[in-house]
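Below you will find the structure I want to go over with you.
Coordinate-derived values only; no laboratory data. Since we're looking at a predicted model, the values are computed, not measured. Virtual Cβ from ideal backbone geometry, glycine too; neighbours counted across all protein chains shown.
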Amino acid sequence: MMRERQDSRKAIIDEVARTSETLTGRGGLALVSRYLRGIELLPELERVFGSLRRSRKGQPIGTLFHQLICFFVDGTSRHLVRFDELREDAGYAGAIETAREQLASSHMVKRFFQAFCGVQCWLFRRVLQQLFLWRVKRGQPGVIVLGIDAMVMDNSEADQREGVQPTYKKGVKGFAPLQITWERFLIDAVFRGGSKHSNADRTVGQAIGHLVTFLRRHYRADVAIVVRMDSGFFDQKLFALCEELGIGYVCGGRLYDELRATVAAAEAVQWASYRKGKQAWQYLEFADQRRSWRQARRALYLRPVYEEEQCLLQFARPETVLYTNLGCGELIDGLLAGEGCGDWTRPQRIIELYHDRGADELVHRALKDFATEALPFQRFAANAAFYYTMLVAFFVYESFKEDVTAPVVPITAYPTRVRRVALDFAAKIVRTGGRTILKVTTATWHQLRIPELWERTARPPRFAWG
């Protein structure tokens, strides 16, 4: 009994003291930094944005982007004053492999973003497209499904910022960038004021045209491309553009009164059913031509039968209409068949493809978890640069999950979980014999399989400008 009391007494902390050793609570940032250098993205960012450096006395552009990407991936704070705190942290400097005197201050970061003009902000879209090409060439998909949607960024607390306007969400003011997604990646975006609706101006058509041309020129001329959109993009001009480009589309439509009348007149034998898991739908297939259209297009009218195992009465069933060119004998049908996806022209597969739009919305949710909706600057161009830098960091983060941390964290995990598991662990940085060593506890060493992750950061897929 006496021995137990003595052992218990030894475990009690009696006082606190400082240490001169280099310690960090974000040991995983060393993996991120090593990966970022390994993929060789920073020299390309230096080349594209190098003109922003006005004097040799300033930080190299590549060094600034390195610190900004690590800042976003870290996610401890979303305020720029965090950079002033980090300048005093030798452990953080060691974790991101940067000399302490090279750490940027908040004022330096603000000056960097405020130096951007509209044309330079558009260069970020080229960077995102090149990153997209990098991952496509790595995965070699035969079919590429793109999701197009607008994402509201709530900046209601800052009415005076340029571009902060009422959005389609009631009571929310902010920005409404148009974003294009592929799998877990955000591959293109147009930063816009909050009053812009989904299909405002010619933005969507131009973005689709640029991406299709880019993929066919730098990846494969015969790649099958399908875009899926909600009813906010219901526009015959977009449909005609997709048909002209030889790509597929699945888009939500609007429930006009004459359309409801057409459906109501259909006989019961014309309806078919489709079930997936616990959900079931009845659907009616027909050709529909709006008054201003030059041609009829394939349409599917849907009404769910079950909602979470609850049978819906007919008057309570939420109805949807879809428009598509899949299965209409166009070029896209042959490209899909060539990739073994001939069943994509069937009504059931089209319904499934449209309902899988939920995965595209999860990318937007992950982005908000990764960074911030509230942008820090008064000027529109500075906020645009901040937003696009956030997207580049998000792309690197998603690639990092796939290339490095996949053995210990699912690639579908949200940023909060990835940070908690793979970044937020204590480490000690030791310099001896001309070498710098990152030391972790034995438990972390085994649980996170540190040797394997370290090896994966040593040989990541190299990024190359296409």
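Return the sequence-ordered ³J(HN,Hα) values of region 190-195 in whole Hz as given by the Karplus equation 6.51 cos²θ - 1.76 cosθ + 1.60 applied to θ = phi - 60°, using x for Gly and Pro.
Along region 190-195, the couplings run 10, 6, 9, x, x, 7 Hz.
Quote to one decimal, in nm, the extra length available between Asp257 and Ala17 on full extension: 0.36 nm per residue of separation minus the C-alpha distance between them.
78.9 nm
Something else now. Placing unit charges on C-beta atoms (Lys and Arg positive, Asp and Glu negative, everything else neutral), compute the dipole magnitude of region 118-369 about its Cα centre in debye, rounded to 20.
The dipole magnitude comes to about 560 debye.
Can I ask one more? Given Cβ point charges of +1 (Lys, Arg) and -1 (Asp, Glu) and nothing else, what value in debye, to the nearest 20, does the dipole of region 33-77 about its Cα centre take?
It comes to approximately 300 debye.
Ok, one more. Counting every Cα pair in the chain, what percent are over 30 Å apart?
Percent of Cα pairs beyond 30 Å in the chain: 54.
Quick one: net charge around Val430, please, counting Lys, Arg +1 and Asp, Glu -1 for every other residue with C-beta under 12 Å from its C-beta.
Neighbour charge sum, excluding Val430 itself: +3.
So how far apart, in nm, are the two label points at Ala359 and Arg290 if each is 7 Å from Cα heading toward Cβ?
For Ala359 paired with Arg290, the spin-label model returns 2.8 nm.
Expressed as a whole number of Å, what is the distance separating the alpha-carbon centroids of region 35-68 and region 378-427?
Taking the Cα centre of each part, region 378-427 and region 35-68 sit 19 Å apart.
Give the calculated FRET efficiency between Cys117 and Asp201 to the nearest 0.05, with a Förster radius of 25 Å applied to their Cβ-Cβ distance.
For Cys117 and Asp201, the calculated efficiency is 0.75.
Can you put Leu302, Leu146 in order, fewest other beta carbons within 10 Å first?
Leu302, Leu146
Between region 342-375 and region 202-280, how far is it from one alpha carbon centroid to the other, in angstrom?
Centre-to-centre distance over Cα atoms comes out at 14 Å.
With a 10 Å Cβ neighbour count serving as the proxy for reagent exposure, in which order, fewest first, do Met108, Met229 appear?
Least to most surrounded, the residues fall as Met108, Met229.
I've got another one for you. Please compute, for the alpha-carbon atoms of region 118-369, the extent along each of the three principal axes and give them in descending order in Å.
Cα extents, longest axis first: 58, 46, 38 Å.
Viscosity 1.567 mPa s, temperature 4 °C: give me the Stokes-Einstein translational D for region 238-307 in µm²/s, with Rh taken as the Kirkwood radius over C-alpha pairs.
The Stokes-Einstein estimate is 93 µm²/s.
Return the lysines within reach of Lys428: Cα separation strictly under 21 angstrom, same-chain partners fewer than 8 residues apart disregarded; answer none if there are no such residues.
Within the straight-line cut-off, Lys428 pairs with Lys439.
Something else now. Got a sec? Charge dipole of the chain, +1 on Cβ for Lys and Arg, -1 for Asp and Glu; which of Pro415, Ile208, Leu438 is way out at the positive end?
Checking the options against the dipole of the chain, the answer is Leu438.
Tell me the volume per residue, in Å³, of the convex hull enclosing the alpha carbons of region 188-230.
It is 73 Å³ per residue.
Using the Karplus curve 6.51 cos²θ - 1.76 cosθ + 1.60 with θ = phi - 60°, what ³J(HN,Hα) values do you get for each residue of region 352-368, in whole Hz, with x for Gly and Pro?
5, 4, 5, 5, 6, 4, x, 5, 5, 5, 5, 5, 5, 5, 5, 4, 5
Follow-up question, since we're still on this one. Return the ratio Rg/(2.2 N^0.38 Å) for region 200-344, where Rg is computed over Cα atoms only.
1.16
In what order do Cys70, Cys341 fall by count of nearby beta-carbon atoms within 10 Å, going from fewest to most?
Cys341, Cys70
Say the cut-off is 29 Å between C-alpha atoms; which of Lys196/Lys401; Lys110/Lys237; Lys368/Lys401; Lys137/Lys368; Lys137/Lys237 go over it?
As for pairs spanning more than 29 Å Cα to Cα, those are Lys196/Lys401; Lys110/Lys237; Lys137/Lys237.
How high is the relative contact order of region 118-369? Use alpha-carbon pairs under 8 Å, at least six apart in sequence, and give a whole percent.
16 percent.
Rg and Dmax of region 105-170, Cα atoms, in Å?
Cα only, region 105-170: 17.3, 47 Å (Rg, Dmax).
Show me 169-175, 400-406 ranked by packing, highest mean number of other Cβ atoms within 10 Å first.
The peptides rank, most packed first, as 400-406, 169-175.
Residue by residue, what Karplus-based ³J(HN,Hα) values in Hz, rounded to whole numbers, does region 196-202 have, using 6.51, -1.76 and 1.60 with θ = phi - 60° and x for Gly and Pro?
Karplus-based 3J(HN,Hα) across region 196-202 equals 6, 7, 3, 9, 5, 6, 10 Hz.
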